[in-house]
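None of the figures in this text is laboratory data; all of them are computed from the coordinates on show. Since we're looking at a predicted model, the values are computed, not measured. Here the Cβ positions follow ideal geometry from the backbone for every residue, glycine too, while neighbour counts run over all protein chains shown.
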Amino acid sequence: MSNTVKIGKSEVTSTPLGLGTNAVGGYNLFPNLNDDDGLNIVKTGIENGITLLDTAYVYGLGHSEELVGQAIKDFDRHKLVIATKGAQDMSTGEEVVRNDPKFITQQVENSLKRLGTDYIDIYYLHFPDKDTPKAEAVGALERLREQGKIRAIGVSNFSLDQIKEANADGYVDVVEDQFSLVHQDLGAETLPYLKQNNISFVPYFPLASGLLTGKYQHDVSFPKDDIRSGMPIFQEPLYSQILKAVDTVRPIAEAHDATVAQTVLAWYIKNPLISVVIPGAKKPDQVVANAKAMTVELTDKEFKQIDDAFETFK
């Protein structure tokens with residue numbers, strides 16, 4: 001298994017498994033977060049061989065970036081790949097999505113300060129706005145790349161048409177979007193387009209809110225204020241279908257002396273359409289466990305068995 005992945009047409013290379021940091025400083029997304037835990041999560045990831053750290057302005061309105069910036073001070077910056085995202089204007093107190101060049105340029109400058117670094121390896125337009133021509137927004141990022149402030153250009157949560165528009169000049173290196181074994185809507189058209197155009201793909205929520213870790217049983221219920229209570233994947237009949245598919249992974253995991261979660265992450269790592277998978281973590285031991293997925297080498301037959309078990313989700 002190759003232990004490094006090249007990001008699009010850029011010079012950026014990464015481990016095939018990164019760390020999503022929305023629970024590092026993302027106090028607006030999760031209750032009861034602790035900054036020391038957040039710092040520890042990032043440091044543990046780096047110490048266990050993870051090089052790509054994926055953050056965003058909207059995770060704690062800059063706080064996640066600040067914590068990532070603090071955590072990386074003890075390490076060789078040039079061995080790390082820092083990815084961040086921006087598009088949210090909070091100046092009115094309401095969230096307004098903006099991609100206009102002036103705003104995005106300022107967002108990059110703000111992120112550089114919060115991260116305490118003089119360059120960002122991957123910068124994503126986090127969400128598309130309604131008005132800005134996408135090639136113009138990406139053009140602003142290309143100018144920042146020419147200045148050495150960013151090294152690779154990404155877009156996140158863009159439709160295929162928006163990705164094509166953003167990539168009109170061939171500047172887009174990477175796309176990040178929701179994708180998992182139970183959420184494969186992008187599979188048919190978007191992923192082949194990315195492959196043809198040498199654009200890397202980074203899926204988020206790869207473990208589907210924990211549903212693909214194998215820890216859930218059939219008779220589970222969530223309180224009303226739990227985000228999972230409203231998710232379709234936790235409703236019948238979908239929930240039982242997913243659990244049945246997850247059961248297919250168990251014997252494969254046992255054969256590799258791995259957990260179900262590590263085996264599922266290994267499926268993404270082996271998938272030729274996926275570049276870097278970025279599971280999040282709320283505790284350092286989860287990061288250690290996720291990093292071990294990089295040592296699980298599935299055979300072609302095992303990869304297909306898992307693929308086939310989740311065929312109905314394509």
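Quick look at the numbers
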read-out: Entries of Lys43/Lys113; Lys244/Lys314; Lys73/Lys149; Lys224/Lys314; Lys85/Lys270; Lys282/Lys314 with Cα pairs more than 24 Å apart; value: Lys224/Lys314; Lys85/Lys270; Lys282/Lys314
read-out: The chain, helix-only ellipticity at 222 nm - DSSP H runs n ≥ 4, -39,500 (n - 2.57), divided by all residues, nearest 500; value: -10500 deg cm²/dmol
read-out: In degrees, nearest ten, helix 101-115 long axis to first principal axis of the chain (Cα); value: 70
read-out: GluC sites (Glu not before Pro) lying in DSSP loop within the range 1-103, provided at most 13 other Cβ fall within 10 Å; value: Glu11, Glu94, Glu95
read-out: Listed residues Thr15, Thr259, Thr299, most fluctuating in the chain (Gaussian network, C-alpha, under 10 Å); value: Thr299
read-out: Label assignment, mean projected area of the Cα convex hull in nm² derived from the structure, set (1) 24.8; (2) 18.3; (3) 15.6; value: (3)
read-out: Qualifying trypsin sites (Lys or Arg not before Pro) for the range 25-130 [loop in DSSP, other Cβ within 10 Å: at most 13]; value: Lys130
read-out: Set of lysines with alpha-carbon distance to Lys130 below 17 Å, sequence-local pairs under 8 removed; value: Lys102, Lys164
read-out: Separation of alpha-carbon centers, the range 136-166 and the range 77-117, rounded to whole Å; value: 13
read-out: Gained length - Asp219 relative to Lys113, 0.36 nm times residue gap less alpha-carbon distance; value: 33.4 nm
read-out: Under 19 Å from the Cα of Lys215 - aspartates and glutamates, other chains or at least 8 residues apart; value: Asp226, Glu236, Asp247, Glu254, Asp257, Asp285
